[in-house]
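Here's the structure, in C-alpha cells; my notes come after.
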Amino acid sequence: SHEQYLLRLIRKGYRVAVCEQTEDPAEAKKRGAKSVVNRAVVRVVTPGTITEDALLDARSNNYLCALGEAGGALGLAWLDVSTGAFFVETLEKTSLGAALARLSPGELLVSEGLLAQDTTRHILDDWQDVLTPLPAQRFDSASSLKRLQSLFKVQTMDAFGDFSRAEVAASGALVAYVELTQKGKLPRIETPRQISAGGVMEIDAATRRNLELTQTMQGSRKGSLLGVIDRTITGAGARLLHRRLSSPLAVRKTIEARLDEVESFASFDALRQDLRDLLKATPDLERALSRLSLGRAGPRDLSAMGAALKMTAAIRARFDAETPPPATKRHLGDLGSHGELVELLQSALDAELPVLARDGGFVRAGFRTDLDELKTLRDESRRLIASLQRRYQDETQITALKIKHNNVLGYFIEVPARHGEKLLRQPDGPFLHRQTIAGAVRFSTVELGELAGKIARAGEQATALELEIFEQLCARTLEDMDAIALAARALARLDVASSLAQLAIENNYVRPEISDGLEFEIEGGRHPVVEAALMAGEGERFVANDCHLDETHGKLWLLTGPNMAGKSTYLRQNALIAILAQMGAFVPANRARIGLVDRLFSRVGAADDLARGRSTFMVEMVETAAILNQAGERALVILDEIGRGTSTFDGLSIAWAVIEHLDGVNKCRTLFATHYHELTALAATLDALTCHAMQVKEWKGDVVFLHEVGPGAADRSYGIHVGSLAGLPDKVVARAETILKTLEAGEQSSALTQLADGLPLFNSESPDEATTSAPSEVEQALADISTDEMSPKEALEFLYRLKRIASGE
C-alpha cells in the first residue's frame, strides 16, 4: 500500500527512502536468538526517478535532467528512467529557457556554480519546484567521462558521438545521481543520442504557454493541440507524439522522411486499420523492460513483454504484401524476431498472474514437473486439512468447529466460546488449548501440527522454486534487452505514423511542402483546436484563411480589425500549422508550403507575474524584448496587441518602433495584429509590410463578423458593439457611443474638455437616451397583460391589437 503515500510525498517535493530487509531471518538467528535482521536503504525515490506505473503518466515522459557547464558552454542531459531514453545537447545561455520548456523536466539537477551566476539564475528561477542543486565537483568532465565509459563498457565515447565537455559533464552527473538513488542498481540506459545545434525548432516557454501545445492555460490536456491530434494507441506511441510535438524538427530531410511514412499509411486504409487493431493488443514494452532491468518487475511485466513481442511477428506478417517507404521498412526490421523468447514466456506463465512474484502461483502447470509435484503435495495436504476438520466435527459433535490459519498461530482449531468449555474439560483429549478470544476458543492437536508442517514445507518449497523460475525468466529476457528496446521504439514510431495518418483522413489535413527558402504560404488554413471544438459542438464550419509571407506578398503582415473578429485565432493557427508541419504531420489547410522555421515566437494574450513583481505590461515587454533580441530571418513571429497595457501614445510608439525593428533588423516572417490603425501608415515606408484586415459587415445597425482575412486596413474596432454583446448596461453603451462621436468629431484635447464639463454620465441624458428611455406603445401593451389569465380567444384578439398598433392604425 506504499504507492498511494509515495505519490503524495513526491508531489509535495519530498524524496523518499525505501528500506527493506537484506537478509533472511533464518540467517539472522544464526547470530543469536535476539539478533536483528539486517535492513538497508535499497532505493531513494525522487520526482525524476519514479518507475512505478501507478505514479507515472503513461502518455508522457518523466525526464530527469542535468545542467552543467564546461569550457564556457552549457551542457544539458536528460533521461527517462522509466524507458531508458537518454539525450544530450550543447546550449547557448539564450536557448536554455526554451530547452527546459521543451522538456518540462520532473527533476532538474544543477551545478551550484550555475545557480550563482546571474545569467542563468533568472532562467532557473522558473524551475524552482523541480530544482536539485548538486556540488560543482559532481559535474567534473574528467570524472564524468570515466563514469560513462564504465557504464557503456567502452574505452572511448567517440563511437556514440562527438560530445562536448559540457555534455559529458552533465551526462556524468546525471548517471551518478541515478546510481546514487538506485543504490548502485542502474536501470537500462540507452547510449546517449546527441541533439545537434539547430536540429529542432526553438520555442520558448511563453510561446508554448500562449499556443497551448501540450496543455491549456488551465493545465488541462483536453483543449490543447496535443489533445486534438492524439490518435495513438499505445503508451509508448503517445509519449513519442508528445516528444515530437514539443520538439519540432528544423532538418528538412528528417521531416520529409516522417511525412513519407504518414502519407504511406494515409494511402492504405486497410493496412492502417489492421495495424491499429494489432497495436491495441500491445502492452507498454518500454516501461516493462525498464522495471525488469531494475529488478522491480513482476510476473505481469514478463507476460506483457511476451504479448508485445508476439505482436511484432503479427505486424511484420501484415506488411509482407505491402511496399512501405524506406523509413517504415527500417522500423519493421527493428521489430526483430523473438519467437523463442515469446514461446518460453507463454509456456511458463499462467493466464491469471499476481502482481508480485513472491505471492507465487504464476507458473503454468506442466512447465516444470518438480514444481507440479510440490503443488500437488501442497494442494493434497489442504484437502487433508478439510478431511481432518470433518472428522473432528463428527468426533466432538460440534458442527461449528473450523480449522483456520493465520500468520501468528499457523493452523489451529476454532470453536465458539459456548463449546470451548466442553473441549477444555477433556484433559486426556487430543485438543491442546492455544488461545481464548472474544466469542471463540482456539486449540491444536499433535496430528494437526504434523500436517501443518508438511503443508508449510511443500508451500515454501513451491514458492521458492517459482521464484527461482522467475529469476531465470528475467535473466533470459534481459539477454535480449537491446533487441527488445529496439522493437519497442519501432512499435512507437509505427503507432505515431499511423495515428497521424488517421488524423489526416478524419480531419481532411494535407501534406505540407517543406523548403529551404523563407516563404510561408498557407491556402485555406484552419485552427486545428478551434475547428475540432466547432465540430464537436453544433457542427459549425470553421472559416479558412490564407497567409502568404514572402518577398512578393510581404514578410510582415499588419493585421487590423474589430474585437471578436478572429485576429488571435488567425495568428495562432498559422503558428500551429508551422509546428505540425515540422514535427512531421499533415496540416489543416488546402495547401501549405513552409520554408524551415528555426525559432517560433508568440506574444499573444495577457498575463501578469505577481510572484516576480511584474505587471501585465512588464511581462509583455519582457517577452517582446526576447523576440527582438533573438529572432533571425528564419524565425516566425506572431505578435498581438503590442503596447496595449500603457497609455495610448506610449503604446503606439512602442508598437511603431517594434515593427521598424522587425523589418530592418530581424527581417523575419511576422504577423502583427493591432488596434492602432495609425500603424498602417508604415506601409508607405516599409517595403516588407502589407496591411490586412478581418472582414465585417454592418446590417441594420448590427455588426456581422465574417472571420475572413482580406487586404487593406480596418477603419473601426467596434469595441462598443462588443461591450454591448458582453452585457454592458444600455445606458453605458449609449453614453460610450456619444463620447466616441464627440472624440471623432474634433481635436482630442478640446473634445475631452467638452465631455468633462458638459456631459456627465448620470446628470444629463444624451438625445439618444431621451428617445429610448420611455417604453413604446407595444411594450406598454405587453407589460399590461397577464398571459396566464388569457383565454385562447383573448390571446388572438390581443395579437390583432398589436398588429394594428405596429401598423399605426
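The values are calculated or read from the model by the stated rules, or taken from the named source; none is laboratory data. Predicted, not measured: the structure shown is a model, and the values here were computed from it. Glycine gets a Cβ as well: all are built from the backbone with ideal geometry, and neighbour counts include every protein chain shown. Keep in mind that these areas ignore ligands, DNA and RNA; they rest on the heavy atoms of the full protein, side chains included. Shrake-Rupley method; radii C 1.70, N 1.55, O 1.52, S 1.80 Å.
Within the accessible area of the stretch 495-614, the carbon and sulfur atoms contribute 48%, probe 1.4 Å, all protein chains present. Once the Cα-Cα distance is subtracted from the 0.36 nm per residue extended length, the SER776 to THR156 segment shows a gain of 214.0 nm.
Net charge of the neighbourhood of ALA485, taken over other residues with C-beta under 9 Å away and scored Lys/Arg +1, Asp/Glu -1, is -1. In the full protein context, the stretch 639-724 carries 48 Å² of accessible surface per residue, based on a 1.4 Å probe and ignoring ligands, DNA and RNA.
Order ILE203, ILE437 by their accessible area, 1.4 angstrom probe, all chains in place, largest first. Let's see the in-between values first.
Numbers: ILE203 0, ILE437 65 Å².
Greatest to least solvent exposure: ILE437, ILE203.
Spacing of the modelled spin labels on ALA400 and GLU468, each 7 Å from Cα toward Cβ, amounts to 4.6 nm. Taking all protein chains together and rolling a 1.4 Å probe, HIS338 ends up with roughly 20 Å² accessible.
Each residue of the stretch 55-62 was assigned a 3J(HN,Hα) from its phi angle through the Karplus expression (A = 6.51, B = -1.76, C = 1.60, θ = phi - 60°), giving 9, 10, 7, 5, 9, 8, 7, 10 Hz with x at Gly and Pro. Computed from Cα positions, the angle between helix 269-280 and the longest principal axis of the chain comes to roughly 50 degrees. When the solvent-accessible area of the stretch 299-354 is split by element, carbon and sulfur atoms take up 50 percent of it, the probe being 1.4 Å. Note on THR83: accessible area approximately 0 square angstrom, rounded to 10, probe 1.4 Å, nucleic acids and ligands left out. For the chain, just say rounded, prolate or oblate: build the C-alpha gyration tensor, square-root its eigenvalues into a ≥ b ≥ c, call rounded for a/c under 1.5, and beyond that prolate if a/b exceeds b/c, oblate if not. Judged from the Cα gyration tensor, the chain comes out prolate (a/c at least 1.5, a/b above b/c). Accessible area per residue for the stretch 217-296 is 37 Å², calculated with a 1.4 Å probe on protein heavy atoms, without ligands, DNA or RNA.
With a 1.4 Å probe and all protein chains kept in place, how do MET564, MET694, MET618 rank by accessible area, largest first?
Sorted by accessible area, descending: MET564, MET618, MET694.
Taking amide hydrogens as placed 1.01 Å from N in the peptide plane, the amide H of ASP350 sits under 5 Å from those of VAL363, ARG364, each at least 5 positions away in sequence or on another chain. Computed packing ranks the peptides 235-245, 367-377, 500-510 as 235-245, 500-510, 367-377, most packed first, by mean other Cβ atoms within 10 Å. Taken per residue, the accessible surface of the stretch 332-488 reaches 56 Å², heavy atoms only and a 1.4 Å probe. How high is the FRET efficiency from GLU633 to ALA795, r the C-beta distance, R0 51 Å, rounded to 0.05? After rounding to 0.05, the efficiency reads 0.10.
How would LEU448, LEU356 rank on accessible area, largest to smallest, probe 1.4 Å?
Values: LEU448 0, LEU356 75 Å².
Highest to lowest solvent-accessible surface, that is LEU356, LEU448.
A cut-off of 5 Å between modelled amide H atoms, ignoring neighbours fewer than 5 places along the same chain, links VAL441 with VAL415, ALA417.
Helix 299-319 axis versus longest C-alpha principal axis of the chain: approximately 60°, rounded to the nearest ten. Could you check how much of the accessible area of the stretch 193-262 is carbon and sulfur, as a whole percent, using a 1.4 Å probe? Carbon-and-sulfur percentage of accessible area, whole number: 49.
Summing charges over all other residues whose Cβ lies under 9 Å from the Cβ of ALA688, with Lys and Arg as +1 and Asp and Glu as -1, gives -1.
Peptides 97-107, 540-550 ranked from most to least packed, by the mean per-residue count of other Cβ atoms within 10 Å: 97-107, 540-550. Using the Cβ-Cβ distance between THR648 and ASN590 with R0 = 56 Å, the FRET efficiency computed as 1/(1 + (r/R0)^6) comes to roughly 0.90. Once the Cα atoms are used to define both axes, helix 2-11 deviates from the longest principal axis of the chain by about 30 degrees.
Summary value for the chain: 10 percent relative contact order, contacts being C-alpha pairs under 8 angstrom separated by 6+ residues.
Once the Cα-Cα distance is subtracted from the 0.36 nm per residue extended length, the VAL18 to VAL510 segment shows a gain of 171.9 nm.
Rounded to whole numbers, the Karplus 3J(HN,Hα) couplings from phi for the stretch 92-109 are 7, 4, 5, 9, 4, x, 5, 5, 5, 5, 5, 8, 6, x, x, 8, 10, 8 Hz, using 6.51 cos²θ - 1.76 cosθ + 1.60 with θ = phi - 60°, and x at Gly and Pro. Per-residue surface analysis assigns LYS30 an accessible area of about 150 Å², computed on protein heavy atoms at 1.4 Å probe radius. Sort the stretch 1-70 into rounded, prolate or oblate with this rule: let a ≥ b ≥ c be the square roots of the eigenvalues of the Cα gyration tensor; rounded if a/c is under 1.5, and if a/c is not under 1.5, prolate when a/b is larger than b/c, oblate otherwise. Note, shape of the stretch 1-70 comes out prolate. From helices alone, the chain scores -15000 deg cm²/dmol at 222 nm; the rule is -39500 (n - 2.57) for each run of n ≥ 4 DSSP H residues, then divide by the residue total. When a/c reaches 1.5 or more, the comparison of a/b and b/c decides; with that in mind, is the stretch 67-145 rounded, prolate or oblate per its Cα gyration tensor? Cα axes put the stretch 67-145 in the rounded bin. Per-residue Karplus couplings for the stretch 163-178, computed as 6.51 cos²θ - 1.76 cosθ + 1.60 with θ equal to phi - 60°, are listed in order as 7, 6, 4, 5, 5, 5, 4, 5, 5, x, 5, 5, 4, 4, 5, 5 Hz, Gly and Pro entered as x. Counting only other residues whose beta carbon sits under 15 Å from that of ALA28, what net charge do I get with K and R as +1, D and E as -1? Neighbour charge sum, excluding ALA28 itself: +1.
Rounded to the nearest 0.05, the FRET efficiency derived from the C-beta distance between GLU256 and ALA317 at R0 = 22 Å is 0.15. Extension gain for the segment GLU343 to GLU538, taken as residue separation times 0.36 nm less the Cα-Cα distance, is 65.0 nm to one decimal. Distance between the 7 Å Cα→Cβ label points at GLU450 and ARG296: 4.8 nm.
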